[in-house]
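Worksheet: the structure to be examined is printed underneath.
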Ligand code: DC
């Protein structure tokens, strides 16, 4: 891994600011941002379009090998391409957010995506973002960060993001969605034996984005980035 940079694994609760932080840390270090949530969202989108339900293992097994998911850099901070089509905006819609959990639960889906993620991060120089990054996908990551923040603060941040992309919704709806996903996430088996013990916790409740990014970049530099 020498020369190519370290692996930084960023995990965190919904709306803790992990996506934006991961993207900006990657930019600051000249690393690649591996947004693995976007990959799970893309699978849910593709399945939805083809009428494949998460319980239908046969249909899912046929669908998965047909999906080529690429994460490309863009001016907007990264675009997600499904079989040549830019789906960056579509995967962020609340309909997809509501469906993604049941696909992310499927071992078959996780296996396919974990292996793709490991290939993309094999040479280091990545900021890998997602719940199982430090425990399953990159257990040897040089830096593992877990981001947390209060529910109301997370709700407001997610609401601001959605409104900025033109999606109309309101505080209570977003708060209920996040609380539901917190419960699902807490129950989900990510395929790890336990939570990786070597995480550094970053509580972003009263931090702004600049402070969050600076904290992670500092830790990364101390670990050889
Ligand atoms: O981080 P996000 O909101 O874009 O994630 C979308 C969904 O995918 C969410 O339900 C958590 C799930 N996910 C996962 O199971 N494993 C990952 N490595 C990343 C996301």
For the range 166-182, indicate whether the set of residues that are within 18 Å of residue 33 (Cβ to Cβ), modelled with pLDDT under 95 and within 14 Å of the ligand (Cβ to nearest atom) is non-empty. no
Across the range 115-137, the tally of residues that are within 11 Å of the ligand (Cβ to nearest atom) and crowded, with 20+ Cβ neighbours inside 10 Å stands at 10
Filter the range 79-107 down to the residues that are over 27 Å from residue 175 (Cβ atoms) and away from the ligand (no atom under 13 Å from the Cβ), then identify the one that is nearest to the chain's Cα centre (by Cα). 79
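Rundown of residues vs (1) within 16 Å of the ligand (Cβ to nearest atom); (2) part of a loop (DSSP other than H, G, I, E, B); (3) modelled with pLDDT under 95, yes/no style:
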| site | (1), (2), (3) |
| --- | --- |
| 14 | yes, yes, yes |
| 19 | yes, no, yes |
| 26 | yes, no, no |
| 40 | yes, no, no |
| 46 | yes, no, no |
| 53 | no, yes, no |
| 61 | no, no, no |
| 64 | yes, no, no |
| 77 | yes, yes, yes |
Identify, by number, the condition in (1) without any contact (Cβ under 8 Å) to a residue 60 or more places away in the chain; (2) in contact with a helix residue (DSSP H, G or I) (Cβ under 8 Å, 6 or more places away or on another chain); (3) part of a strand (DSSP E or B) that residue 9 doesn't meet. (1)
Does the range 139-151 contain any residue that is more than 10 Å from the ligand (Cβ to nearest atom), surrounded by fewer than 23 Cβ atoms within 10 Å (Cβ to Cβ) and in a helix (DSSP H, G or I)? yes
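The values are calculated or read from the model by the stated rules, or taken from the named source; none is laboratory data. None of these values were measured; they are calculated from a predicted model. Quick reminder, even Gly has a Cβ in these numbers, built from the backbone with ideal geometry, and neighbours come from all protein chains shown.
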